[in-house]
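Pasting a structure here, questions to come.
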Amino acid sequence: MSPELAADGNEKAGRFATTRWSLILRYGEGSAEEANAREALAELCRIYWRPIFAYLWRKTSSPEDAKDLTQEFFLRIIQGKFLRQADPGRGRFRSLLLHSVQNFLRDRHDRDNSQKRGGEMTFISWDQWMAEAPSQLSVPASVVETWSPERVFDVRWAATVAERALRRLQEECEGQGRRHVFDVLGCALTSERDQISYERMGRELGADSVKIKRLLHKLRLRYRKLLREEVAETVEKAEDIDEELRYLVASLAIGRADGVEPT
């Protein structure tokens, strides 16, 4: 079977079914259609819970406390608390989410300590969260302990966005019957040229080096487009996409410099 890859995948694969980030901002201001805004918020929370969990774990030094607080935080977000306290002018879900969790921690003393965290509501089980978005990024505890909670959040945020784009690309390749192409070439999407063995990949795919280079180039273009789409879902204005992309790439570079690697 030829390892050829289609130029474009399914444009709607993995996309949000309801709203844009602008709707979330309007919800924060109390002016959006509530049902749609809550659905969009719930989707964003399911996708981006991991940076919040990492931040809270770094703050509390307890994974169990971080789990409880993460679930409670997102319940409060969906209920409309904290999000409306954040500055919608920031225009980035990353910034708004971090600012909101900081507010959440500052207001912890106002909680009713006699009430179980999260009240009587159940948002989504922790096992479902873990199964829905398994991370491919390995962050050694010894490394995390040297980082500020904000750096932990940024690196984990960047990894979440990148992994989501990568997962969409994998699903597209699988849908085209080209999962093996992705499995062989996917690890080289962000590698430097001198780190790539085109001959080895060619042997695995039954293609020569010229064809492998062309396939990898096409796969990289598609990955970059998907990554850009993922970033676009987290900013209010199109002109913010490039700046947020640069921030994401810089955060990933910080993680690699400190020894954080994909598993």
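The values are calculated or read from the model by the stated rules, or taken from the named source; none is laboratory data. These figures come from a predicted structure and were not determined experimentally. Because the Cβ atoms are built from the backbone with ideal geometry, glycine has one as well, and the counts that use them run over all protein chains shown.
Say we look at the stretch 204-255 and pick out the residues that are at pLDDT below 85 and surrounded by 13 or more Cβ atoms within 10 Å (Cβ to Cβ); which of these is farthest from Arg193 (Cα to Cα)?
The qualifying residue farthest from Arg193 (Cα to Cα) is Glu236.
Just to be sure before I move on: is Ser191 within 18 Å of the chain's Cα centre (by Cα), assigned to a loop (DSSP other than H, G, I, E, B) and modelled with pLDDT under 90 in the structure I sent?
Details: within 18 Å of the chain's Cα centre (by Cα): no; assigned to a loop (DSSP other than H, G, I, E, B): yes; modelled with pLDDT under 90: yes.
Answer is no for this residue.
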